[in-house]
Amino acid sequence: RASGRCLVFPSSHVTCLDVQGGLAALGSAAGEVALVDVRRMQVLRRYHLHVMAVTKVALLAGGDVASVGLDNLCAVSLFSQPPEPSELKKMGKLALRRARQGLSAATALVDVVGDVVRRRGRAALAAG
């Protein structure tokens with residue numbers, strides 16, 4: 001949505017930007033990648049490809065966008081081609097799989113931190 005000369009992204013804030021000619025590629029903290037017409041200040045296409053913040057976007061030939069996120073996913077958004085229903089379904093499945101991987105990694109980290117805390121607590125009790 002345009003507000004004066006400033007684009008407003010209601011779900012998140014912009015984390016990275018690449019502007020070439022009249023187009024801009026934007027990445028968001030929510031994992032979205034968008035293609036924006038700078039002259040009209042209008043979002044042309046937007047995909048939610050990442051489960052974590054997008055750290056870098058790059059405009060490619062024809063309006064496609066390459067993106068990298070904190071989720072270690074590299075993606076190419078084919079904005080130059082119309083979306084097909086099967087592609088949208090694949091993207092949804094990919095996002096779900098990446099979310100599960102992120103949750104699994106977070107759970108493993110919590111387990112490791114818990115083990116370290118328990119070991120240090122035992123060592124402190126033994127020393128005390």
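Which order, highest average first, do 42-49, 65-72 follow once you tally other Cβ atoms within 10 Å for each residue and take the mean per peptide?
Values: 42-49: 17.0, 65-72: 19.8.
So the order, starting with the most tightly packed, is 65-72, 42-49.
Legend: residues Leu73, Leu96, sorted from most to least accessible area (1.4 Å probe; ligands, DNA and RNA excluded), read Leu96, Leu73.
The values are calculated or read from the model by the stated rules, or taken from the named source; none is laboratory data. Everything numeric here is computed off the predicted structure, so don't read it as measured data. Glycine also receives a Cβ, built like all others from the backbone with ideal geometry; neighbour counts cover every protein chain displayed. Keep in mind that these areas ignore ligands, DNA and RNA; they rest on the heavy atoms of the full protein, side chains included. Shrake-Rupley method; radii C 1.70, N 1.55, O 1.52, S 1.80 Å.
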